[in-house]
Amino acid sequence: MTHDGMSSLQIAKQLRKVVSERIVRRWQHMYRSTDTIDLKTPAGRPRIIQTKSLIRKVKNRFIYKGRQSARKLANSLGTSKGTIGRIIHEDLHLHTYRVIIEPNLNDEHKQRRVSFTYWYFELGGIFNRQNDRVYAPSRYYADEHKGTKQTAKFPKKLMVWLAASKNGLSLPIIFEPSETLTHENYIEIVLPHALSEGQRLLGDNFIYQQDNATPHKHKDSIAWIKKNFPRF
């Protein structure tokens with residue numbers, strides 16, 4: 001077919017897509033270069049041998065370091081990501097499990113749950129659920145190796161306001177629990193405090209800066225700031 005001037009795409013169609021055009025093109029190049037087609041040697045770079053030593057190193061990393069990235073593990077061990085993937089799945093028979101979110105309950109909370117069906121939660125950290133994975137042979141072993149993440153729901157809120165300047169921080173304002181910032185308490189409490197603290201830290205010549213929170217942008221808040229602050 002090559003002698004007849006057929007292209008790799010035409011040959012692939014003649015073979016009814018049994019092999020791809022890319023493979024036919026490689027065969028044509030091989031035939032034109034050596035007059036033979038060697039199908040015994042696979043194309044591409046040779047695979048890295050999955051030695052017992054390498055398998056043991058990968059296993060120890062998962063045992064002692066918990067969550068691991070296959071890409072970072074391959075870089076640290078000087079091997080390819082594909083080799084690490086084959087070791088994980090074929091030799092160690094590990095699978096990825098997502099970190100599960102569950103309430104952070106102590107024994108007292110659990111007992112009260114049973115007695116009064118009243119839930120207690122505490123503050124928890126933040127993590128990326130899409131990226132956190134644990135390699136383990138089963139869900140049980142995944143849970144034993146940091147496969148669960150405890151979080152708190154509906155925590156009590158406490159808002160604190162303070163200002164920062166080149167000469168230090170202002171004295172903070174601590175609001176009542178669950179109290180939110182409105183333009184009324186912003187004008188009544190925060191702005192007079194910010195003015196006095198700015199004068200204490202920087203004198204009479206300073207610029208007051210704020211973000212675009214809704215109470216900050218209210219027309220009454222802007223009017224108070226323009227009237228009382230030296231610069232805004």
If you go through the range 158-191 one residue at a time, how many are under 28 Å from residue 103 (Cα atoms) and either exposed (fewer than 11 other Cβ atoms within 10 Å of the Cβ) or at pLDDT 90 or above (or both)? 5
Looking only at the range 192-206, how many residues end up being surrounded by 11 or more Cβ atoms within 10 Å (Cβ to Cβ) and out of contact with any Gly (no Cβ under 8 Å at 6 or more places or on another chain)? 10
Does the range 211-220 include one or more residues that are among the polar types (S, T, N, Q) and in a loop (DSSP other than H, G, I, E, B)? yes
Against the conditions (1) over 27 Å from the mean Cα position of the chain (by Cα); (2) assigned to a helix (DSSP H, G or I); (3) modelled with pLDDT under 80, where does residue 36 fall short? Just the number, please. (2)
Could you list all residues from the range 168-189 that are under 36 Å from the mean Cα position of the chain (by Cα) and farther than 30 Å from residue 105 by Cα? 168, 169, 170, 171, 172, 173, 181, 182, 183, 186
Kindly list the number of the only condition in (1) modelled with pLDDT under 75; (2) surrounded by fewer than 13 Cβ atoms within 10 Å (Cβ to Cβ); (3) in the same structural domain as residue 138 (by TED's automatic domain parsing) that fails for residue 18. (3)
Those residues of the range 111-152 which are surrounded by 12 or more Cβ atoms within 10 Å (Cβ to Cβ), in a helix (DSSP H, G or I) and modelled with pLDDT under 70, in sequence order: 112, 113
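The values are calculated or read from the model by the stated rules, or taken from the named source; none is laboratory data. Given the structure is predicted, the values throughout are model-derived calculations rather than measurements. Every residue, glycine as well, gets a Cβ built from its backbone with ideal geometry; the counts of neighbours run over all protein chains shown.
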